[in-house]
Amino acid sequence: MSGQPEEEAVFGILPVTAGQKQYGFIDALLVLGGYCIATWSYTQGSYLATLVGFKALLAGAFAGALLMLLVYQLPVILSVRYGIDIWIWYRAIFGATGVKLMTVLIIAINFPWYAVCAELFASSMGNLISLTGVQVPPQLHTLFALLCVALGTVIALRGVNAITWTTRILVPLLIAVGAIVIFVGFASVPAGTIWNAAHAGNGQKAKTIAYILSIEANFAFVITLIGGMAEIPRLAKSERGGFWAGVLGQGLIGSFFVVIGAVMAIATKHVTGEMIDDPTKMLATLAAPPLALCSLLLVGFANVGTQAVGSYIYAVMLRSAFPKAGYRMLVLLLALYVGILCVWGRIIDYFGPFLTIGACVYAPLAALLFADFFFVRRQKLDLRAAFFLPGHDAYRYKGGVNIVGLACVAAGIALSLAVYNPLTGAIHCMLLFRLTPTGTSFIGTALLYVALSRIPPVRRYLLRDGNK
């Protein structure tokens, strides 16, 4: 490896040693919490508000997120223990070439989220300017979107310390502003309007389906973080701190802002008859226009912070698959990818296919890591083989691909689509649908992988590292 060992550990793939670990529980919590505070939280909240009443939404947003996180985040302890990214462990599950394929797939279907954030940042900035009575030229929209990407990229290029200090200042302020926004939402409509918001649909069956879809949305929302879930915890000083920072940062702080989006969506629908998810418009509608300036902090800086953390996380993730590529070059390539989508300007219109594909991939990906870590390799990894050192060939599968791991991913995707078609909304198996498509895919993939690992020839193929 070129460069300084510490830099290659923090920004690359070398194991992070105890002396190089920077994060206590609070800092890791703030970074991961700040990562979740972006416009997608309000979009998620307004979507949930179309499905269920506020009481069910409140319970599902927190309970659904925490339930999924408590399970699929457990393997994060391996990242803290060994100081490695989960994608180093995935080399044992997919092989060297298989990891490259899965990494590129995850980047392709997940990183457009940051273009969505940039687009909504641009929309909110335009709305804020228009509140002053100034007409905003349409050309400025793209420039504002690119500004969001550029600011986040600059912070990511400055490294972990810049990200840490940004979130130390930003996240507490955002939580305080969020509390104010919730107060504005409840104070701007008659008492009980939000709390007693009704369920969608007529009849018990329709309500049941809507409630299951809301839980599925919460499961799918948090499981999309699987790709980069270990980059921050691997820098944590304790396994317990790294694990709980991820669970609470995403499950509590992230869900809090989902609920904020729901409160504002329900309140604006009562006032205007239309449910919207732009906090700038919401605050301008529900309170005096000057208060809408709060969304400059709530939306603008939140999306910039998310872009910064996301760029760091996915650049390090890419280095696990392509170790010869430099961290800064990868950050710039990710910025270029998002920038092209922003210039195109149609990402929000066509983002459905990205989400559809993504929701089907994340669950089996998380299930394989969970099953391999606890039930197949039993928390043991041959690090020399995982780094492909000479003479350590346990994870050098033929063609660079672990066919068992990739087959299980394909089976998990097929199982999810066999239960529910997210494009048409058709439910193919109501019994399994009650477990949610994501839950069914997660459980089914994990069981299949463990069952295959019990077959002697397959077990010998998987466990050439002596993990019998």
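The values are calculated or read from the model by the stated rules, or taken from the named source; none is laboratory data. Owing to the predicted nature of the structure, the values given are computational and were not obtained by experimental measurement. All Cβ positions, glycine included, derive from the backbone under ideal geometry; neighbour counts span all protein chains shown. Surface accessibility is based on the protein's heavy atoms, side chains included, excluding ligands, DNA and RNA. Shrake-Rupley method; radii C 1.70, N 1.55, O 1.52, S 1.80 Å.
For beta carbons closer than 9 Å, sequence separation of 6+ or different chains, a first residue in the stretch 239-258 that is of a type in the set (Lys, Arg) and a second that is assigned to a helix (DSSP H, G or I) and open to solvent by 10 Å² or more (accessible area, probe 1.4 Å), the qualifying pairs are Arg240/Phe25; Arg240/Ile77. Of all the numbered requirements in (1) open to solvent by less than 50 Å² (accessible area, probe 1.4 Å); (2) touching a helix residue (DSSP H, G or I) at 6+ places or on another chain (Cβ under 9 Å); (3) free of Cβ contacts under 8 Å to residues at least 40 places away in the same chain, Leu147 misses one, and that requirement is (1). For the stretch 252-265, a residue qualifies if it is crowded, with 24+ Cβ neighbours inside 10 Å and either of a type in the set (Phe, Trp, Tyr) or within 9 Å of Ser46 (Cβ to Cβ) (or both), and the qualifying residues are Phe257, Gly261, Ala262, Met264, Ala265.
Residues that are under 26 Å from Val16 (Cβ atoms), in a loop (DSSP other than H, G, I, E, B) and open to solvent by 20 Å² or more (accessible area, probe 1.4 Å): does the stretch 59-75 have at least one? Write out each step before concluding.
Taking the stretch 59-75 and keeping what is under 26 Å from Val16 (Cβ atoms), we get 69-75.
Okay, now just the ones that are also in a loop (DSSP other than H, G, I, E, B), so 73-75.
Restricting the remaining residues to those that are open to solvent by 20 Å² or more (accessible area, probe 1.4 Å) gives 74.
Yes, that holds for at least one residue.
The set of residues in the stretch 281-314 that are over 30 Å from Met329 (Cα atoms), buried (at least 24 other Cβ atoms within 10 Å of the Cβ) and modelled with pLDDT of 70 or more comprises Met282, Leu283. Name every residue in the stretch 303-337 that is touching a Gly at 6+ places or on another chain (Cβ under 7 Å) and of a type in the set (D, E, K, R), in order of residue number. Across the stretch 303-337, the qualifying residue is only Arg319.
Residues that are touching a residue at least 60 places away in the same chain (Cβ under 8 Å), assigned to a helix (DSSP H, G or I) and closer than 21 Å to Thr39 by Cα do occur in the stretch 186-195, at least one of them.
Out of the residues in the stretch 436-455 meeting the condition of being more than 21 Å from the chain's Cα centre (by Cα) and of a type in the set (A, V, I, L, M), tell me which one is farthest from Leu365 (Cα to Cα).
Selected residue: Ile455.
Scanning the stretch 421-465 for residues that are more than 16 Å from Phe374 (Cα to Cα), open to solvent by less than 60 Å² (accessible area, probe 1.4 Å) and of a type in the set (Val, Ile, Thr) yields Ile427, Thr436, Thr438, Thr440, Val458. Ala236 falls short on exactly one of the conditions (1) open to solvent by 30 Å² or more (accessible area, probe 1.4 Å); (2) under 22 Å from the mean Cα position of the chain (by Cα), and that condition is (1). In the stretch 447-460, the residues that are within 15 Å of Tyr397 (Cβ to Cβ) reach residues that are of a type in the set (Ser, Thr, Tyr) with C-beta atoms within less than 6 angstrom, at least six apart or across chains, in these pairs: Arg459/Ser453. Checking the structure you have, find out if any residue of the stretch 211-233 is in contact with a Gly (Cβ under 7 Å, 6 or more places away or on another chain), in contact (Cβ under 8 Å) with a residue 24 or more places away in the chain and part of a loop (DSSP other than H, G, I, E, B). Yes, because at least one residue in the stretch 211-233 is in contact with a Gly (Cβ under 7 Å, 6 or more places away or on another chain), in contact (Cβ under 8 Å) with a residue 24 or more places away in the chain and part of a loop (DSSP other than H, G, I, E, B).
One residue is enough: does the stretch 159-170 have a residue meeting the conditions under 26 Å from the mean Cα position of the chain (by Cα), modelled with pLDDT of 90 or more and surrounded by fewer than 20 Cβ atoms within 10 Å (Cβ to Cβ)?
So in the stretch 159-170, the residues under 26 Å from the mean Cα position of the chain (by Cα) come out as 159-170.
Imposing the further condition that a residue be modelled with pLDDT of 90 or more reduces the set to none.
No, the stretch 159-170 contains no residue that is under 26 Å from the mean Cα position of the chain (by Cα), modelled with pLDDT of 90 or more and surrounded by fewer than 20 Cβ atoms within 10 Å (Cβ to Cβ).
Just one of the numbered conditions (1) more than 21 Å from Val259 (Cα to Cα); (2) at pLDDT 85 or above; (3) not basic (Lys, Arg) is not true of Ala187: (1).
A single member of Gly3, Gly19, Gly45 is part of a helix (DSSP H, G or I), at pLDDT below 90 and surrounded by fewer than 19 Cβ atoms within 10 Å (Cβ to Cβ), and it is Gly19. Right, Val80: of a type in the set (Val, Ile, Thr), modelled with pLDDT of 90 or more and either at positive phi or part of a helix (DSSP H, G or I) (or both) or not? Considered against the rule, which asks whether it is of a type in the set (Val, Ile, Thr), modelled with pLDDT of 90 or more and either at positive phi or part of a helix (DSSP H, G or I) (or both), Val80 comes out as yes. Number of residues in the stretch 382-400 that are buried (at least 17 other Cβ atoms within 10 Å of the Cβ) and either under 26 Å from the mean Cα position of the chain (by Cα) or charged (D, E, K, R) (or both) equals 2. Of all residues in the stretch 194-202, one or more are modelled with pLDDT under 85, in contact with a Lys or Arg (Cβ under 6 Å, 6 or more places away or on another chain) and not β-branched (Val, Ile, Thr).
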